[in-house]
Amino acid sequence: MPPPQAKTSTVSHRVPFYETDAMRIVHHSNFVRYLELARILWLDEHERPYRDYMERGLHFATTHVAVDYRRPAGYDDVLAITTWLAWVRGASLRMEYEIVRDGELLVTAATEHALVDADGRVQRIPRDQRRALAHLLPDPAPGA
């Protein structure tokens, strides 16, 4: 569940047959794609469109993915994929996620990304942009 006051974005996705396996269960690899759908929407809604990064020759390369599969999703399920910013550092950030079907939590996940140029070299997130991202972080828990 997102922390209180987290700036979230939620994308809805209806599972097509081709994303399922022989048992009509969503193949585990597709969940990573769902995370990307939510992350790009979050940037569009809260920070800046990802295409702005691309136009500047920059990308947020994925450096870590952790997915906790709690319940399966299947063909024709409508999934709500919600994401929020967990932290931002000099050249990287972490997004956290939950995937829900009809109020039931199916997946929790996290991804970490490093800002890189077109040649794959790590770049610091510009200070003003890093500050803007930091303002999108949820308030820390009382006493934290």
Go through Asp102, Asp52, Asp117, Asp76 for me and flag whichever is acidic (Asp, Glu) and under 19 Å from Trp42 (Cβ atoms).
Asp52
Kindly indicate which of Ile40, Ile81 is among the β-branched types (Val, Ile, Thr) and free of Cβ contacts under 8 Å to residues at least 24 places away in the same chain.
Ile40
Mind checking which residues of the range 1-46 are in a helix (DSSP H, G or I) and more than 13 Å from the chain's Cα centre (by Cα)?
Phe17, Tyr18, Glu19, His28, Ser29, Asn30
For the range 90-142, which residues satisfy the criterion of being touching a residue at least 12 places away in the same chain (Cβ under 8 Å) and basic (Lys, Arg)?
Arg94, Arg101, Arg124, Arg130
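Read the figures in this text as sums done on the coordinates, not as results from a lab. Since we're looking at a predicted model, the values are computed, not measured. As a convention, Cβ positions derive from the backbone with ideal geometry for all residues, glycine included, and neighbour counts pool all protein chains shown.
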